[in-house]
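Encoded as structure tokens, the structure appears first; notes follow it.
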Amino acid sequence: MIKLLKYMQKRERWMVLAAIVLIIGQIYFELTMPDYMSELTVLIKTEGSAMTDILAVGAKMLGCTLASAVLTVGCGFLVSKIASGYSYAVREKLFTHVMTLGKAETGRFSIPSLITRTTNDITQLQMIVSMGLQSLVKAPIMAVWAIIKILGKSWELSAVTAAAVVVICTTVISVMAVCLPRFRKVQKLTDTQNRIARENLTGINVVHAFNAETYQTEKFDVPNTEMMNTQLKNQRLFSLMMPVMGTCMNGLSLAIYWLGAALINQIAFTDAAARITMFSDVVVFSTYATYVVMSFMMLIMVFMMLPAAQVSAERINEVLNRKATVIEGNTEHSNEVGTVEFRNVSFTYPEAGEEALSDISFRIEKGQTLAIIGATGCGKTTLISLIARFYDATEGEVLIDGVNIKNYSFEGLYNKLGYITQKAVLFAGSIRDNVTFGQSETGFDEETVDMALDVSQTKEFVEKTEDGKDHKIAQLGKNVSGGQKQRLSIARALARKPEILIFDDSFSALDYKTDAQLRKGLARAMKDTTKVIVAQRISTIKDADKIIVLERGEAVGIGTHEELMENCSVYREIAQSQLTAAELE
């Protein structure tokens, strides 16, 4: 948790120092009160004391109370600002860091877990800062200061106070030792609950269609029940804390007054001054002893929140300590344009047992079309993921425009690419916002947006909406069909006017007519753009300049449609399963 304090901004650090000064001021005024109380007790018990002296001491006590109240309010305001600023800084750092990680790193954390760490875990840290900062500073100072005040007054009373403190500390340490592992378990169960809830809401139509409501409820009930039982065990242990602390504080007061009465009785009745002094000391000692116990009670309240905050801090640091394995270079431009080349490329996923791609080599030139086809799981998406540098090749080189992609800066590389994902992803906003998403080296204008919508066969759909290009798209494109989402995703890539367009099975949701029209539009409007197409339909790729046939990560055939029909049995089987005899001829 201490490691995360480095993300606190400079302004918050100065505010922490100011809050510490205010806390010390509070302690000073609060611990000055018993001295005035002792003086007031002596004045009241002493015959002939002037009323003006009594009122003067009372006025000083009132002044201390008001000063402490003002400082408390000011300190509370500063601590609130510190806690909110700190949580903002950590959340921004965590979100930004996750954005820099690649698929290999983020794949180690589930999406629900990352969401929980960005929200719930940081909230835990904010709570410990807002509620714990004052206590962590105030309690030790007040305890030490109060102990110094009571030292030497009575060893009997000091021993009773020490015994109460030992009982409280022993109880706290015992409870924390048992609860800390359970708090880690609670955070993991929170991740599981988020995952199941997110999965259920995303697939709610499937749940209803298959009458799986009961099944999903029972599935959610498992981690929910386990979390309830774990939390109940923690709360039962925590329920011991308040009775123990209350018993210690009240018992301490009773013991001090009982011993104090005994000590006063040991003084001769004739020595009135000594008896008054001892009575005054007992009253003051009781007050200071209460401050000591209260200090430990404040620390206990912090310690009750500390285990959950500590677990949250560990989970946040786990993400922040994860370093990106894909490191950018510094090359922005190159001499060639629109070329893609693989040189003996092999790739194995992290912690996988076998290669996903094995010894792939090819080259395509500017304006050419490369198609990739093969059975499900043969490595098609993996291959184009290496072009987009979502992963780095295990062996061999991937070159774009004659330069190894490891040498490109991320901005330089992605300015050359237009990537359409296998699963179309849209963002909340207007159609225009989605088409002009991100940054483009060429910039966006109305003509570019219109071209992208026209070529992607989205123009007709957009014109039918009431707001046209300003029509609002719901989160993840929930208010448009699968084909419309896919066409808008294609339009987003086209608007960048990239050198290289990558289609990861991006025509699967399109009917044959729209598919054909879109490919004709691409050939007409973007004839100088290199295209890499992953597809399942032979009709989509048969006109490509080069087709790669993958089987179990190996390129079993590379060539044109005609060449592969003659030389590649795998490709021929796929074609015969999709095309009629007349079409094959």
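A few remarks follow.
- The angle separating the long axis of helix 569-578 from the principal Cα axis of greatest extent in the chain is about 90 degrees.
- Nearest 10 degrees, 0 to 90: helix 446-455 Cα axis against the chain principal axis: 60
- Order of 455, 165 - criterion: other Cβ atoms within 10 Å of each residue's Cβ, fewest first: 165, 455
- For residue 501, the residues whose amide H sits under 5 Å from its own are 418, 530, 531, 532, ignoring neighbours fewer than 5 places away on the same chain, with H placed 1.01 Å from N.
- Under 5 Å from the amide H of residue 551 lie the amide H atoms of 556, each residue being 5 or more positions distant or on a separate chain, with H modelled from the backbone and absent for Pro and chain starts.
- Restraint check, 366/469; 406/469; 485/527; 469/546; 93/485; 497/546, Cα-Cα greater than 27 Å: 366/469; 406/469; 469/546; 93/485
- Bridging of residue 219 to aspartates and glutamates at a Cα separation below 19 Å is possible for 191, 199, once same-chain residues fewer than 8 apart are set aside.
- Proximal charge balance of residue 72 [Cβ under 14 Å; K/R count +1, D/E count -1]: 0
- Taking the chain and dividing mean pair separation by its residue count, relative contact order in percent (alpha carbons under 8 Å, at least six apart): 14
- In degrees, nearest ten, helix 10-45 long axis to first principal axis of the chain (Cα): 20
- Here the chain is assigned +1 on the Cβ of each Lys and Arg and -1 on the Cβ of each Asp and Glu. Its dipole about the Cα centre then comes out at about 1700 debye.
- In sequence order, calculated HN-Hα J values of the range 479-492 (Karplus, 6.51, -1.76, 1.60; Hz; x Gly/Pro): 9, 10, 6, x, x, 5, 4, 5, 5, 5, 5, 5, 4, 4
- Residues 245, 142, arranged from fewest to most other Cβ atoms within 10 angstrom of their Cβ, appear as 245, 142.
- The chain: proportion of alpha-carbon pairs further apart than 42 angstrom, %: 48
- Per-residue HN-Hα couplings for the range 250-260 [Karplus 6.51, -1.76, 1.60; θ = phi - 60°; Hz; x = Gly/Pro]: 5, x, 5, 4, 4, 5, 5, 5, 5, 5, x
- Neighbour net charge for residue 535 - beta-carbon separation under 14 angstrom, K R +1, D E -1: +2
- Cβ-based net charge around residue 344, under 14 Å, with every Lys or Arg adding one and every Asp or Glu removing one: -4
- For the range 510-517, putting each phi into the Karplus relation 6.51 cos²θ - 1.76 cosθ + 1.60 with θ = phi - 60° gives couplings of 9, 6, 4, 5, 5, 4, 5, 5 Hz, in residue order, rounded to whole numbers and with x for Gly and Pro.
Each value in this text was obtained by applying a stated rule to the coordinates, not by laboratory testing. Every value quoted in this text rests on a predicted model; they were computed, and no experiment measured them. Glycine also receives a Cβ, built like all others from the backbone with ideal geometry; neighbour counts cover every protein chain displayed.
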